[in-house]
Structure formats: structure tokens, C-alpha cells
Amino acid sequence: MIQRAWTFPIMLALAFTTMGALPVAGKGTPLTPVAKKLLQHYAGVAQKEDSSFAGFEATRGRELYFSEHKGKEGKMQSCSTCHMRDPAQPGRSDVGKSLLPLSPAANAKRFMDEEEIEKWFHRNCRGVLGRTCTPREKGDFIVFLFSLK
Amino acid sequence: MKSWIPFNLRPARLALLLMLFALVLAPMAWGDDDDDDDEKHERKRSRWGFLMDDAVEPVNNALYAKECGACHLAFQPGLLPARSWEAMLNNLEEHFGKDASLPPASVDALRVYLVQHAAETSRGETAYKILRRLKGATPLRITETSYFIHKHDEISQATIQRESIGTFANCAACHRTAEQGDYDDDHVVIPK
């Protein structure tokens with residue numbers, strides 16, 4: 001009886017943490033080993049920063065992807081400005097250079113190199129949001145991209 | 001015995017003459033033919049008769065092509081003087097409204113490449129003309145250089161704002177051979 005009393009909250013907590021990840025793993029693109037490693041790392045930091053953290057969510061990642069911010073030149077911009085409303089499409093930089101699709105479902109070379117990922121998070125979060133992204137935001141973003149087909 | 005040297009040239013005079021020939025005439029006559037097999041490189045003579053490339057030396061550095069060619073055309077280093085590249089590398093965090101920061105080791109490697117291939121070192125006609133008209137300025141944008149402005153003064157803002165072009169920085173939209181460093185008017189096709 002005493003044992004039962006604390007298995008329930010544990011099961012509940014487990015269910016919560018997997019809820020964020022399971023639907024993603026179920027229907028999207030399988031995580032690359034690097035993405036998996038980064039998600040674990042970000043989750044650890046996110047947990048430390050905020051004890052109510054209950055896993056990454058694709059919906060929050062999607063919101064971040066489409067959220068608009070005023071750029072330095074006064075124009076509104078979002079991730080989707082260059083990486084398109086559908087990240088499976090080839091992107092276009094604001095000086096007209098064609099970019100390979102961001103979605104790992106459309107471009108198998110994405111999320112294979114940790115340094116590259118951190119480099120682009122750093123640059124583009126500062127460029128678009130005007131600040132660096134939190135580990136939770138990065139995790140949500142990755143989970144969102146891997147939730148796409 | 002009759003000398004084989006004509007005009008009664010003494011060895012000292014002959015040596016002088018040969019030196020003069022080596023210094024002045026030889027470059028005119030043969031130039032530097034290290035890449036003459038590349039037929040795309042048309043060659044012109046500058047007003048002093050020295051051979052010059054029409055094109056700017058194409059990018060031949062993998063790190064530069066990858067890091068600086070990700071968002072825009074990897075502009076050939078010969079399009080700006082070394083001092084411009086230095087200034088740019090010193091502030092990649094504020095790169096025309098974007099953050100283009102890189103690890104210090106990459107920045108150092110890029111500095112070596114850019115300085116060694118900057119406009120001052122180029123035999124290209126385009127690079128030469130850009131540099132000559134700068135008069136000591138340190139532009140951060142190729143599009144700010146006086147030669148660029150002069151060459152594009154007939155292109156209207158409306159043309160640039162076309163969806164297919166967008167900005168003057170999108171060289172390859174009209175210069176179909178921009179990637180090869182060839183900005184000759186003959187290869188320009190302005191898209192609709």
C-alpha cells in the first residue's frame with residue numbers, strides 16, 4: 001500500500017515527460033543522434049532553470065518559428081522569413097541566396113553537426129529575436145522541426 | 001676578330017639592355033601564363049600594356065566558401081581592399097543587421113585568406129578599378145564603392161526591388177557568371 005502511494009506520482013511524472021516526446025517520435029522524422037544528444041542536454045539545463053519544466057513541445061516550437069520580431073532595419077522578421085512557412089521548402093536569405101531546406105524530413109544533412117547547430121542558433125536567435133535563445137526554446141524548436149514530415 | 005655583338009655593344013651595355021628588356025618588355029610580351037589554359041579568363045592590357053585578368057580571382061578557399069557563402073554569394077576577396085576585410089572580420093557580431101559571429105580560429109583563418117587575396121593583390125581589372133577609385137576609403141559594402149555605384153548608375157531602384165533580385169548584394173541575380181568572379185557586362189541578364 002505504501003509502495004502504491006508513491007508509484008502513482010512517478011508514473012504520472014513519467015507520462016508527462018514522455019507525452020511531449022512520444023507524439024513527435026511517433027509521426028515525424030526520427031531524431032538524429034546529435035539532435036537526441038542536444039535535447040537531453042537542453043532538457044537538463046531547462047530543468048535546472050525552471051523546476052516546472054515538463055518536456056519540450058512542438059507547438060511551442062512552432063509558435064517560436066512563426067513569431068515575428070522587428071529587425072534592425074525595421075522590417076518584421078521570423079524564422080519563416082528565410083526558411084519559409086513550410087521549412088521543407090528551399091529557403092531564401094534576405095540577399096537572395098537559396099538555402100537548403102531546414103526541415104530534417106526534407107534535408108537529411110540537418111542536425112548532424114552540433115557545432116553547426118549551435119552556431120546557427122546563436123547567430124539567428126540574435127539576428128531575428130535580438131537575443132540568444134534559451135535551452136527550452138532550442139529544444140522546442142528542434143522538437144517542432146522533427147515533428148514535421 | 002669581329003664581334004658577334006652588333007652595334008659595337010660592350011658587355012656592360014648589353015647587360016643593361018637585357019635588364020631593361022626583362023623589366024619592361026618581357027611582362028608585356030608574355031605576361032604571366034600560370035593559368036592560360038583557362039579559356040574563360042579573357043585577358044586585357046591595362047593602359048601600360050601589362051596583362052590583366054578581366055575576372056576577379058574566383059573563391060578558392062573551402063572555409064570561406066562555406067562560412068561566408070551560406071547566406072550570400074561568397075564575394076571574391078578581390079572586390080574589397082584588405083583594410084575592409086579586416087574591419088568586417090573585427091565585427092562579425094554586427095554584420096549588416098545580422099549576427100555572423102564565428103569561432104576565433106575560423107575568423108583568423110578567414111583573415112589570412114582574405115588579406116592575401118584582397119583587391120591590392122589582384123591582377124583583375126575589376127579589382128584594380130574598384131581599388132583605384134576608393135582613394136583610401138574603407139568601405140564595408142562592395143555596393144558602397146565608387147566604382148560599383150558608377151557601374152550601376154543606370155539600374156533603377158524599381159529593377160532592384162523585383163522579387164527576382166531584391167538587393168544590389170544579390171550579384172548572381174543578374175551577373176550569371178558572378179560565382180566565377182566574372183562581372184563582365186557581356187554576361188549580364190537582368191531578370192524580369
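The values are calculated or read from the model by the stated rules, or taken from the named source; none is laboratory data. Computed from a predicted structure; not experimentally measured. Here the Cβ positions follow ideal geometry from the backbone for every residue, glycine too, while neighbour counts run over all protein chains shown. Keep in mind that these areas ignore ligands, DNA and RNA; they rest on the heavy atoms of the full protein, side chains included. Shrake-Rupley method; radii C 1.70, N 1.55, O 1.52, S 1.80 Å.
Data for the structure
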read-out: Residues (within 14 Å of chain A (Cβ to nearest Cβ) and either part of a helix (DSSP H, G or I) or open to solvent by 40 Å² or more (accessible area, probe 1.4 Å) (or both)) located in region B:60-69; value: B:63, B:65, B:66, B:67, B:68
read-out: Counted residues, region B:178-192 - those being assigned to a loop (DSSP other than H, G, I, E, B) and without any contact (Cβ under 8 Å) to a residue 60 or more places away in the chain; value: 4
read-out: Candidate set: region B:77-95, residues that are assigned to a loop (DSSP other than H, G, I, E, B) and more than 13 Å from residue B:131 (Cβ to Cβ); chosen: the one least open to solvent (accessible area, probe 1.4 Å); value: B:91
read-out: Within region B:73-95, considering residues that are within 18 Å of the chain's Cα centre (by Cα) and within 11 Å of another protein chain (Cβ to nearest Cβ), the one farthest from residue B:110 (Cα to Cα); value: B:73
read-out: Residues of region A:26-78 satisfying the condition of being among the charged types (D, E, K, R), part of a loop (DSSP other than H, G, I, E, B) and within 14 Å of chain B (Cβ to nearest Cβ); value: A:72, A:73, A:75
read-out: Of all residues making up region A:120-146, the number that are part of a helix (DSSP H, G or I) and more than 10 Å from chain B (Cβ to nearest Cβ); value: 14
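Each row is one residue, and each column tells you yes or no for (1) touching a helix residue (DSSP H, G or I) at 6+ places or on another chain (Cβ under 6 Å); (2) open to solvent by 80 Å² or more (accessible area, probe 1.4 Å); (3) at pLDDT below 95.
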residue	(1), (2), (3)
A:27	no, yes, yes
A:36	no, yes, no
A:44	no, no, no
A:55	yes, no, no
A:89	no, yes, no
